[in-house]
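Everything below concerns the one structure shown next.
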Amino acid sequence: SLHELRQAISAVGTVSLTSEQLAVIAAGVAAAVASAGGSALGSGADRVTIPITVNGTAVADCQVWISSDSAGNHVVAGTLSTKSDGRVTFLLDAGDTYYLWAQKDGINPIEGRMFTAVAD
């Protein structure tokens with residue numbers, strides 16, 4: 001499960017994943033969302049665009065997903081990839097609190113960063 005994966009990563013510290021490993025994780029997250037009756041975009045009423053940057057530079061092709069809890073047990077949207085401008089758009093409910101998760105080879109992962117959804 002995603003929760004078990006997070007616990008394993010936390011126990012090890014910083015983890016570098018290959019593109020193949022990341023693809024397996026992303027597929028698992030997408031399957032979990034689909035099995036819960038959701039979609040990769042999410043089921044909210046509002047388009048919410050999220051930029052992924054490192055030191056002010058856009059990160060393209062980054063795998064991103066959203067959970068409704070800080071532990072990442074309840075994935076509500078994703079996995080989607082950022083575009084060349086480092087942005088990804090989900091369907092979330094503006095004003096609600098969510099947690100951002102992102103992973104790409106060569107960058108530190110984002111693990112459960114809290115944010116409040118703002119409609120585009």
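The values are calculated or read from the model by the stated rules, or taken from the named source; none is laboratory data. Keep in mind it's a predicted model, so treat the numbers as computed, not measured. Note that each Cβ is placed from the backbone with ideal geometry, even for glycine, and that neighbours are counted across all protein chains shown.
Can you name the number of the only condition in (1) surrounded by fewer than 16 Cβ atoms within 10 Å (Cβ to Cβ); (2) modelled with pLDDT of 90 or more that residue 76 fails?
(1)
So residue 94 clears everything in (1) in contact with a helix residue (DSSP H, G or I) (Cβ under 7 Å, 6 or more places away or on another chain); (2) modelled with pLDDT of 95 or more; (3) of a type in the set (Gly, Ala, Ser) except one condition, right? Which one?
(1)
Kindly evaluate residue 11 against the criterion of being part of a helix (DSSP H, G or I), modelled with pLDDT under 85 and surrounded by fewer than 12 Cβ atoms within 10 Å (Cβ to Cβ).
yes
Conditions tested, residue by residue: (1) over 18 Å from residue 41 (Cβ atoms); (2) free of Cβ contacts under 8 Å to residues at least 24 places away in the same chain; (3) assigned to a strand (DSSP E or B).
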site	(1), (2), (3)
66	no, no, yes
70	yes, no, no
80	no, no, yes
84	yes, no, no
90	no, no, yes
94	no, no, no
98	no, no, yes
107	yes, no, no
